[in-house]
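Accompanying notes for the structure given below.
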Amino acid sequence: MAAVVAVVLFASACSVSGTAEPEPDYRALLVPADSFPAGAATPVPEPAVPGAVSDITLRPLRGDVDPADCTPAAVDVETAAILVGPGPTDGSTLTEMIVRTPESASDLAAAVRDCSVFRAGATGQQEVRSELSGQPESDGDLTSLALTRTLRSPGSETVTTVAQWVAQRGQVRLVVQLRMLGTPSAADTRMAADFFAHARAQAFGGR
């Protein structure tokens, strides 16, 4: 798989002087759609990609974040390759995204630590609480981290949990996201973490 990564990144870097560089195609780095653990995944169609990216990054398409300096960093939406599959419980989803981003993994971790609570969404009223699960881990030039966000709308007792596992090499970021109402069980979390290990090996090689 390391060879696949090299081919993708090499192709994205080649251009003729004075011409626009092609966007990298990360679809080859995704796991096969039928290897998702709870059922086959579906590619997100191009018109829906900006919304899917917003759901993953929590950078709103409309509306503001309060405080404003807690607005999640933008990623290069044009490069996003996304598969969405069923999660372990009714109504839950398991998502894989590979995307190019100028934000480093360490900057992402710092943003989670520095902005543990903010409000976002189209109305600016959804409360977002974020927490790193341990510290980022590095294996050579590949950094991995895990975080959990909980989302709550005003006056609602219902909490949506967004658990994410992230691996990044250079500007190429992999995100595996488990999204569900309520709190994931230990078995739910373990399933998603195991899938992340598989997705990381597929995208970046190794174990």
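Quick notes
- The number of residues in region 120-133 being over 20 Å from His198 (Cβ atoms) and within 19 Å of the chain's Cα centre (by Cα) comes to 7.
- Meets criteria (more than 28 Å from Leu29 (Cβ to Cβ) and at pLDDT 95 or above) for Val99: no
- In region 28-42, the residues that are in a helix (DSSP H, G or I) and either free of Cβ contacts under 8 Å to residues at least 60 places away in the same chain or aliphatic (A, V, I, L, M) (or both): Ala28, Leu29, Ala33, Asp34
- Exclusive hit being closer than 14 Å to Leu58 by Cα and among the aromatic types (Phe, Trp, Tyr), set Phe195, Phe118: Phe118
- The sole residue among Val117, Val128, Val112 that is hydrophobic (A, V, I, L, M, F, W, C), in contact with a Phe, Trp or Tyr (Cβ under 6 Å, 6 or more places away or on another chain) and either free of Cβ contacts under 8 Å to residues at least 40 places away in the same chain or farther than 27 Å from Glu23 by Cβ (or both) is Val128.
- Some residue of region 43-50 being among the acidic types (Asp, Glu) and either surrounded by 14 or more Cβ atoms within 10 Å (Cβ to Cβ) or touching a residue at least 60 places away in the same chain (Cβ under 8 Å) (or both): no
- Selected residue (only one of Ala81, Ala38, Ala33 is among the hydrophobic types (A, V, I, L, M, F, W, C) and over 20 Å from Val162 (Cβ atoms)): Ala33
- Asp64 being at pLDDT 95 or above, on the phi < 0 side of the Ramachandran plot and not in a strand (DSSP E or B): no
- Per-region count, region 70-114, residues crowded, with 18+ Cβ neighbours inside 10 Å and within 17 Å of Glu46 (Cα to Cα): 14
The values are calculated or read from the model by the stated rules, or taken from the named source; none is laboratory data. Here the structure is a predicted model, which means the values were calculated and not measured. Note: ideal-geometry Cβ built from the backbone for every residue, glycine included; neighbour counts use all protein chains shown.
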